[in-house]
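First comes the structure, then the notes that go with it.
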Amino acid sequence: MATTLPLPLSDPRSAPSARSRRQKSEPFTKGSTIIAVLYALACIIPFWIIISSSLTAESTLNRTGFSIFPTPFSLEGYSMIFGGSARVINAYVSSVAITVIGTALALSATSGLAWVISRRESHWSRPLAIMTYIPMLLTAGLVPFYILVTQVLQLRNTWWAVILPFVVSPFLVFVQMQFFREIPQAVIDSARIDGANELRIFFTIVLPLSKPILAVIGLFYAVTYWNEWFTALLFISDKELQPLQQVLQIMIANISSANAIQPTNAAAAPIFQLRMALTVLTMGPILLAYPFVQRFFVKGLTLGATKG
Amino acid sequence: MTTAPHRTMRQRRRSLHRDNTLWILAIPAVIFFFVFSYAPLVGLVVAFKDYNIRDGIFGSPWNGLENFRFFFESGNAGRIIGNTIFLNVLFITATIVVAILMAIAINEIRHTMLRKFVQSSVFLPYFISPIVISIILQAFLAGVGGQGGVVNDMLNVFSIPSVNWYSEPGPWPVILTIVKVWQLAGYYSVIYLAAITAIPEEVYEAGMLDGASRGQMAFRITLPYLVPVTVILVMLSVGRIFFGDFGTIYAIIGDNGVLYPTTDVIDTYVFRALRTAGDFGMTAAIGLFQSVVGFVLVAGAALLARRITRETSLF
Amino acid sequence: MNTHPLSHELSRRGFIQGTAGAATLATLMSLAACAPAAPNGGGAVLNGVLPGDEPVGWAEVKEALNKKLEAELGITYNPEFIPWANYAQNELLKFTSGEPLDLALEARWLHMDQLLADGALADLTEHWESGRFPELNATIDEQFVKYSRSQGTVRAIPQVNAVGAIAGFVLRQDLVEKYGNGEVTNYQELEKFLYDVKQNESGMIPFGLDAGYANNTLWASPTGLFNEESWDTPGPVNQLSRNLAYMDPSGGATNSRPRPFWEGPGFEDSVKRVRKYFQDGIINQDAITADQTSTWGQFSTGLYGSTVAVNDGGTTQRFATIADSVPGASIVEVMPFTAGLDAVIATNFVVANYVVAPATSENVEQVMMFQNWLSKQENHDLVAYGIEGRDWNAVGDKEFEAISKYAFPTFALAWRVPLERSVAGMIPSSKAWFDWAKDVSHFSTDPFSGFQFDQTPVSAELAQLEAAYTQYVLPLAVGAVETTKGLSDMKSAMEGAGLEKVLDELKTQADAFLAG
């Protein structure tokens, strides 16, 4: 994907050869575009169904299971979720806090580790790689984890109980490591020759060069933190601190059960509609973050850095 | 990506000297792993104990391999393990292939807005929780009451009789694979797109000068650059091949026993068997079994990869 | 998760007479040495867990509650609400990790057997028998306590609002009148109703079944929804989880005869019948993946002509919205007894809900004081219905009307048969059946009342049986597989999973129980 080719990520006017090529759009390009667009539609359509269903009245929805057009239109699901208290607003705040802090910590820890592992000449590389890989296969299970967080670390009812357990994902460490390996050794060596120490190399050279992969890893962590509810459900009972996914899961689970168990509830809650509205609400903010991150997928990794 | 061809004594000493500060960067992660991954492993002894709530993990009496009995004596162990491996292989293969194809295809799109639209769209399915996927799948395959569904309606248009999908175990490995691809291929394609971004422009320029078409460049130039990432992804999956995708499979199949012959995996079986008993010892025992097998497989795969190419090995 | 934890147990609520066996812990510490007239809790804070979400308006109720508790007993109650989907797991984790916990909802369908076997529950025998808690003793029938004793000790306080509850039917009364003679009193009339609906009401499925109540379609324990024989002659109480063992009464009073469940009365006939309903479109074909609330909701919007109802007094509220969605619709509650309101069934007085205290709790005396305090009408009403005037109004002594959306899981803390108020305006059939359920004369004592099976010798087999049950039995219970092959596959799977061994162990323990 050279910058001289008329690809959207770079300025298409950069070279004369680019212009002439643009006129002659190859069948491969056309075919690929069509396939890509079709696939994108296949991804979008269920999403559209979810939004549409979230706006459809329960009376129709629970007969058909889903709806393609929101008729009869109904905002009852959303009003049930937002109405009544500031709980959902608080939940958004909690989720944002957890996601931002978590992603920042995770990116730092992961990048540092990935960089060390990627430097094969270091004798730390292999032991660290093994240390990182083992937890992908071996876990002690729920009970020791629970005891660790509640008894040993005393993190009940804090956001840290949700943030800390996911700070390093072995999978993402290896993905990032692979990208770090692509950085030419010559760049590093030329910096060393200039007298920089390892830490300076990392912060002033490696990180700026790695913006694409940092953006990707950061996005993946952000998604993980944003969607995390199970840990929150285990450890956070204080209503003020509950993140969004947990609050919405609670609402769904309890409304379903409340209808069954406690006959004093009058009207049946719109379960189908609520589930759909829940999905829409939880997806929203993260989707907004994604196009923003795309900006970082730019060329220019090693322009002019290599000497000798 | 080559090591510096020739180093002077001074350079070698200097780079060795620099090594001493490099490890500082890894400290936060090491602390994390120690606290959250390694320290709790002492709890694994419960796999060999008759777990008693009052006695706790360390006070409970040992019971040898008793906790493994329920799984291996069931007569189903072979089929369940087979399903687990088979489905995982299907999932990872299909997902990676589609992800690569999509990344290459997306890379070809010229129109900025269209490209951004496509890139955002393919990532969307990743956010949808398995429960919602299950609901939508039911709408597609069964409708309400189990007798309809979009797919059946379409079949009827061609005079093909409706199929009661939720009562036929046969097609489900394919159905589940389609679901997984839909869910994850976009996620992986982002990784591949970032990899394509890293390909040096000079390589493409050379290709164009040689008169290569875009299609040829995509498959002769781009594809080989994606091999290292693919190897990493495959290797990371190999160790988990004995771990079934519980979240998605359980959300879709649930307690529908008719479909178990082709979709029951280790994790769902164990979950069902132990959900009323709540025996942590048995759960831990099977988890340990899955881990041990995973290790053996990864060790084997790492040795194999080492033979093929030194550059891309994990360790 | 598809199956709600309670859904298959609501069937067992029928026999849940629950023994209020809250053994009084004999912690004769100085705290308990106060004069019986004015017990003092010593400022203890009771940490509890409750299922579900905080009720609307809970903050004020809790404040009023604790103010009274503090003044009268010197205790404070600090409950944590855990969502239903996670209650089982989180509650067990608290026990396991030794967190400070003083009282919790527990049940056979949660972890009670395991907790009892591990000795993790506080011994409440001395407390219960001491006479220090008169209101508690008065509002919980001794029989419930007696039959929940674990090796003679009381380890849990039963929470009951009726002697038993059965899974039956709620039908569209307007359609019963349209196609029949206005009422359904036996199985033939039910079947006629179902087929009439199928034939005449296009787009409507006669019966809506969900995954949870699939466990109630076949077994005569005491009645199965589609088990015709059991409508005439209710069966004995089955043993083992998932009712795997049919206790054949032909063994006599001293000799138990546990047989595989498929030998129970009417079982195989019912399998064939349900299969026919599946193929004829009488029941929905996605029962195995359907959840209870959605199914009930779909009945209320007119998709189903009938569905499952439980005679715990809740039918009216659960299906109240049907009049709005379907003009002219009315409902009736029908229980699977040919004998109608004179039916008598066997029960082993097993309760669906208990309050337990962990053995590690230091406040067991205070827990008992709290339970006793809740056994007084005005305290009970405060917790169960909320603040009078704001959340509810009394209608006479025995009824109430709800004003706000306050809904407390009273079954987890304070159900007392003499104190419970029923919602004003219940439909007549529901009220009749609820009253039936509260009357002890309708229940005969099963010979195995009080028997508790110790699972430890066969826990591996039971795990396999549990897995095999979901795979082979449930599809038969909803009619999704062909019967001859389905039955034979099921039998070989069950036998392969070790059913013989489990039944032998059951016989050994049951005979010892009968002898002792």
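So here's what we get for this one:
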item	result
DSSP-defined antiparallel bridges as percent of all bridges, the protein assembly as shown, nearest 5	55 percent
Helix C:84-97 axis, angle to chain C major axis (alpha carbon atoms, nearest 10°)	40 degrees
Carbon/sulfur fraction of accessible area - the range C:359-495, other protein chains in place, 1.4 Å, %	51 percent
Where chain B is the region considered: accessible area per residue in Å², 1.4 Å probe	42 Å²
Average other protein chain Cβ within 10 Å of Cβ, residues A:149-156	2
Residues whose placed amide H lies under 5 Å from that of C:Y77, excluding near-sequence neighbours	C:L46
For B:204-215, mean number of other protein chain Cβ atoms within 10 Å	3
Potential extension, C:A394-C:E500 segment - 0.36 nm per residue separation minus Cα distance	32.7 nm
Accessible-area composition of the range B:80-312, carbon plus sulfur, in percent [1.4 Å probe]	71 percent
At least 27 Å along the helix axis (C-alpha) and Kyte average at least -0.5, DSSP helices within chain B	B:77-108, B:172-197, B:280-308
Long-range tail of P(r) for chain C (Cα pairs > 30 Å, %)	49 percent
Accessible area, probe 1.4 Å, largest first, for residues C:T321, B:T93	B:T93, C:T321
Residues of the range B:269-288 buried by at least 10 Å² on assembly (accessible area, 1.4 Å probe, chain alone as reference)	B:Y269, B:F271, B:R272, B:A273, B:R275, B:T276, B:A277, B:G278, B:F280, B:M282
Cα Rg over Rh - the range B:80-312, Kirkwood	1.04
For the protein assembly as shown, projected area of the alpha-carbon convex hull averaged over all directions, nm²	47.1 nm²
Computed accessible area, C:T445, all protein chains, 1.4 angstrom probe, square angstrom	70 Å²
0 to 90° range, to nearest 10: angle between helix C:428-438 axis and chain C longest Cα axis	60 degrees
Average beta-carbon neighbours from other chains, 10 Å sphere, peptide C:295-302	5
Sequence of B:V97, A:V100 from largest to smallest accessible area, 1.4 Å probe	A:V100, B:V97
Fully extended contour minus Cα-Cα distance, from C:T508 to C:E378, at 0.36 nm per residue	42.0 nm
For the pair C and A, total buried accessible area rounded to nearest 100 Å², probe 1.4 Å	3200 Å²
With every protein chain in place, the range C:136-231: carbon and sulfur % of accessible area (1.4 Å)	43 percent
Degrees between helix C:483-496 axis and first principal axis of chain C (Cα, 0 to 90, nearest 10)	40 degrees
Radius 12 Å from Cβ of C:N66, net charge of other residues (Lys, Arg +1; Asp, Glu -1)	-1
Area of C:D439 that stays accessible when all protein chains are in place (1.4 Å probe, Å², to 10)	60 Å²
B versus C: buried accessible surface, summed, Å² (probe 1.4 Å, to nearest 100)	3200 Å²
Among beta bridges that DSSP assigns inside chain C, antiparallel share in %, nearest 5	55 percent
Relative packing of peptides C:195-201, C:165-171 - highest average C-beta neighbours within 10 Å first	C:165-171, C:195-201
Where the range C:211-257 is the region considered: accessible area per residue in Å², 1.4 Å probe	29 Å²
For C:I331, distant residues with modelled amide H under 5 Å away	C:Q173
Chain-alone versus full-assembly comparison, the range C:274-292, residues with accessible loss of at least 30 Å² (1.4 Å probe)	C:Q285, C:D286, C:I288, C:T289
Chains A and B together, accessible area buried on both sides, 1.4 angstrom probe, square angstrom	9900 Å²
Calculated FRET efficiency for the pair A:I34/B:F219, C-beta based, R₀ 22 Å, to 0.05	0.80
Cα point-scatterer Debye curve for the range C:122-187, base-10 log of I(q)/I(0) at q = 0.22 Å⁻¹	-0.95
Solvent exposure, largest accessible area first (probe 1.4 Å, DNA, RNA and ligands not counted), of B:R54, B:R214, B:R220	B:R220, B:R54, B:R214
Summed side-chain charge close to A:I117 - residues other than A:I117 whose Cβ falls under 11 Å, Lys, Arg +1, Asp, Glu -1	+4
Rg/Rh for the range B:149-248, where both radii come from Cα atoms and Rh is the Kirkwood radius	1.17
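The values are calculated or read from the model by the stated rules, or taken from the named source; none is laboratory data. Owing to the predicted nature of the structure, the values given are computational and were not obtained by experimental measurement. We place every Cβ from the backbone using ideal geometry, glycine too, and count neighbours over all the protein chains shown. Heavy atoms of the whole protein, side chains included, go into the accessibility calculation; ligands, DNA and RNA do not. Shrake-Rupley method; radii C 1.70, N 1.55, O 1.52, S 1.80 Å.
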